[in-house]
Amino acid sequence: MQKTIQPICHCEGRRPEAISLLGLLRPASPSARSPRNDVFLILYFIFFASPSSAFQNQLSTTFETGERSVTDSLEDRDLSGNLDFNRYRLRVDGELSKLTEYTLWYERYDKNYQTLDSLDSSSDEWHFGLDHSFLEKALKASLDAGFRQKDYKDSPSSSYDRSNAAIGLQYKDEDLWGINWAGGFINYDYTGSDRDQLKLFAKIGSWVKLFDERLKISPSYKFQKVDDDDASKDRTEQVFTVIPVYKLGLKRLETISGYYSLGQNDTKDYEDEDRDDDLRFSYVKWYLVTRHPVTERLDTSFKYGQVRRDYKNSDNDYRNWGVENKTGYKIFEDKIKKIGFSTVLEHKEADYHLADSLNYVKNVAGAEILYRQKNNWEISPSFRFKTYDYSASPSRNERQYEGRVEFIKELLNDALALNIAYKYVWKDYRDKSDVTLWSVKAGVEWKF
């Protein structure tokens, strides 16, 4: 079994409250909502309300707890500090019929910042998705809906309820070309202030294969209209993206792929970053990746990219460029076991032209070993060493030592998988006390 237990979304949690029996199907009042109610409701739908037992379904649940840095996945490294977190996820995917697929998930996310109390938050999020195919699966219609309740303990004026819904259509002509469209809304209802916001959006995309299907190009365009309680903040936002992939089929150069995107967004809805501030920005992001099969056992890839971000309400504008190399080596594989080894090397330089003290150079070196007994268990220890050097502010220089080990146990002929991972980070600073962080993630995945 592959490692498919993944984070479901970037979202947060809400504190549990009293449970009512009616709340299992419909909360008697907003104060009667509870994460436990939502878990019961999802399980009821799966096992009693759904006729899908004759088809393939998958239930997964994960729980994470520990400490992490605010800047783990952010370029804005001035958002310094650490946080304690608890994160629980429950997700089910399956079939209602041979033409209809569904997705249900629930997540609770609690954050406690060690130095930024105003950002302490908890939230609950629910999501439902439904896809139905027509015309021998050439046409697909989709429905997605969700709801999030997010509370800021020390900043109640920032608490909000978010509801969203979207419908979409996809059509493909065999495996040569396709087109898709989606439209919907995202509504923010702030419970402690007059900051309500409504986003209406439409997105169109397509893909086409050319030159005997060696070249695939996937462009898309998104238009979004934002209506704010403060009319002066009303605006439109646009995003254009194109993803090309070219299969050369050469002995030492198999594929060249790329990504280019430009437009406007805000940190509140930016799925690539797990953060709690609300900043508007425009951006340009692109990269190229080449993949090189050196031998049957050895495979390597190189990536080069650049990012530019300009904020509307912050001075943290930045530009960066970076290069990355990933290499995998298959030491041994047969019908019973697999042993592999992989490495990663990265160099990145970031320039904050409005705040030179934030400029940094990042270097990363890491390695991972995989040992797998097929249809039984696997273990994968890994280690990474990172450096951050600030030329204009050497006192910020940082060295990171990160170790992680993950264990997966498969049961019942690959129908059930248990997963547990432990991560430890030691941050060595030049002019301040060292910091250690840890986290544990455990999960279960069941196919039925």
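The values are calculated or read from the model by the stated rules, or taken from the named source; none is laboratory data. Computed from a prediction, not measured in an experiment: that's the story for all the values here. Don't worry about glycine lacking a Cβ; one is built from the backbone with ideal geometry, like all the others, and counts go over all protein chains shown.
Among the residues making up region 219-235, none is at pLDDT below 95, of a type in the set (S, T, N, Q) and closer than 18 Å to GLY263 by Cα. Scanning region 222-242 for residues that are out of contact with any Pro (no Cβ under 8 Å at 6 or more places or on another chain) and part of a strand (DSSP E or B) yields LYS222, PHE223, GLN224, LYS225, VAL226, ASP227, ASP228, ARG235, THR236, GLU237, GLN238, VAL239.
What number of residues within region 57-103 satisfy the criterion of being under 19 Å from ALA415 (Cβ atoms), under 16 Å from the mean Cα position of the chain (by Cα) and not polar (S, T, N, Q)? Residues meeting the conditions: 2. Annotation: of all residues in region 377-398 being part of a strand (DSSP E or B) and of a type in the set (A, V, I, L, M, F, W, C), the one that is nearest to ARG430 (Cα to Cα) is PHE385.
The number of residues in region 254-296 that are loosely packed, with under 14 Cβ neighbours inside 10 Å and without any contact (Cβ under 8 Å) to a residue 40 or more places away in the chain comes to 2. Take the conditions (1) under 22 Å from the mean Cα position of the chain (by Cα); (2) not assigned by TED's automatic domain parsing to the domain that holds GLN238; TYR329 misses just one of them, which is (1). Select from region 133-166 the residues that are more than 20 Å from TYR188 (Cα to Cα) and surrounded by 16 or more Cβ atoms within 10 Å (Cβ to Cβ) and list them in ascending order. Residues satisfying the conditions are SER133, LYS140, SER142. For GLU67, the conditions (1) without any contact (Cβ under 8 Å) to a residue 60 or more places away in the chain; (2) farther than 27 Å from LEU198 by Cα; (3) of a type in the set (Asp, Glu) are fulfilled apart from (1). Scanning region 409-421 turns up one or more residues that are among the basic types (Lys, Arg), without any contact (Cβ under 8 Å) to a residue 40 or more places away in the chain and either assigned by TED's automatic domain parsing to the domain that holds ARG87 or in a strand (DSSP E or B) (or both).
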